[in-house]
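Right, one structure below, let's go through it.
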Amino acid sequence: GQNIDQPTEMTATEGAIVQINCTYQTSGFNGLFWYQQHAGEAPTFLSYNVLDGLEEKGRFSSFLSRSKGYSYLLLKELQMKDSASYLCAVRAAGYSTLTFGKGTMLLVSP
Amino acid sequence: SAVISQKPSRDICQRGTSLTIQCQVDSQVTMMFWYRQQPGQSLTLIATANQGSEATYESGFVIDKFPISRPNLTFSTLTVSNMSPEDSSIYLCSVELSFETQYFGPGTRLLVL
C-alpha cells in the first residue's frame with residue numbers, strides 16, 4: 001500500500017515564498033505529481049517528478065528525493081489567487097493509477 | 001493538453017435512483033480513470049476504465065454499484081447505481097495524456113436526497 005502525508009493547512013502573505021512538503025511511503029515508486037485545486041473546481045496539473053532534483057516552472061518549483069520519500073512544492077511571489085488546496089499524488093511502480101494525499105489548504109493573505 | 005468534458009456538471013437525485021455520468025476527451029487516450037471526491041476530502045480512485053474490457057476497480061468499489069463503460073478511446077461513462085445520500089460527492093474523470101501528465105475533467109457534482 002501507499003501512505004502520503006501533507007500538512008493540512010498553511011498560511012502565507014502575498015509576495016512571500018511558501019514550501020509545501022509531502023512525504024510518502026510506497027512499495028515501488030513511479031512518479032510524483034502535484035495538483036492545484038481551487039474551491040469548487042477540478043484539480044489542475046502542476047508538476048511531475050520521477051528523478052531526484054528540482055523542476056522549475058515559472059513561479060512554481062517541485063523537488064523530489066526518492067531515497068527520503070520526500071517532495072516539496074515551492075511557490076514564489078505568492079499571489080492571492082494561489083489560495084487553494086495543493087494535492088500530492090504518487091504513482092506506484094507498474095501502475096498508471098495515482099494515490100492522493102489529503103491535500104494542503106494554502107491561504108494567502110494581503 | 002486536452003479538452004475534457006463531463007455531463008452532467010451537477011445533479012440532484014432521489015435515493016434509490018441511478019445516474020450516468022459521461023466523460024468525453026478531444027483526443028484518443030489509452031488510460032482513463034474515475035475518481036470520487038467527497039466533501040472536504042481528497043480524491044479516491046474508483047476504477048480504471050479499460051477500452052474493450054471490464055473496468056479495473058479499486059478496493060471498496062464494485063461493478064454492481066459503479067458500472068463503467070469505455071466503448072472507445074475518447075469516451076467513458078460511470079453509473080452511480082441505487083444511490084444513497086452517502087454517494088453525494090464530486091465525480092471526476094481523468095486521462096493520462098503522457099507518462100508525465102494526467103489531467104482531470106471539470107467534475108460532476110452529485111447530491112442525493
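Taken together, the values in this text are just the output of simple stated rules run on the coordinates, not laboratory data. Small disclaimer: the values here were computed from a predicted structure and weren't measured. Neighbour counts run over all protein chains shown; Cβ positions are idealised from the backbone, glycine included.
Points to keep in mind about this one:
- P(r) tail, chain B: Cα-Cα pairs separated by more than 21 Å, 30% of all pairs.
- Average beta carbon contacts from partner chains per residue of A:26-35, 10 Å cutoff: 1
- Subset of A:Lys81/A:Lys102; A:Lys57/B:Lys7; A:Lys102/B:Lys7; A:Lys76/A:Lys102 violating a 29 Å alpha-carbon distance limit: A:Lys57/B:Lys7
- Cysteines (scope the protein assembly as shown) whose Cβ has no counterpart Cys Cβ under 4.7 Å: B:Cys13
- With contacts taken as Cα pairs under 8 Å and at least 6 residues apart, chain A reaches a relative contact order of 37 percent.
- Counts of other chain beta carbons within 10 angstrom of each beta carbon in peptide B:40-48 average 5.
- Fraction of alpha-carbon pairs over 24 Å apart in chain A - percent: 19 percent
- Using θ = phi - 60° and Karplus 6.51 cos²θ - 1.76 cosθ + 1.60, couplings along region A:61-68 (whole Hz; Gly, Pro as x): 9, 10, 10, 9, 10, 5, 5, 9
- Highest average packing first - A:53-64, A:81-92, Cβ atoms within 10 Å: A:81-92, A:53-64
- Here the Karplus relation 6.51 cos²θ - 1.76 cosθ + 1.60, evaluated at θ = phi - 60°, turns the backbone of region B:16-29 into coupling constants of x, 8, 10, 9, 9, 9, 9, 10, 10, 10, 8, 8, 6, 10 Hz, with x for every Gly and Pro.
- Net charge over other residues, Cβ less than 13 angstrom from the Cβ of B:Ser94 (K, R count +1; D, E count -1): +1
- Cβ-Cβ FRET estimate between B:Ser53 and B:Cys13, R0 fixed at 30 Å, reported to 0.05: 0.55
- Rounded Å value of the spacing that divides the Cα centres of region A:41-80 and region B:38-99: 27 Å
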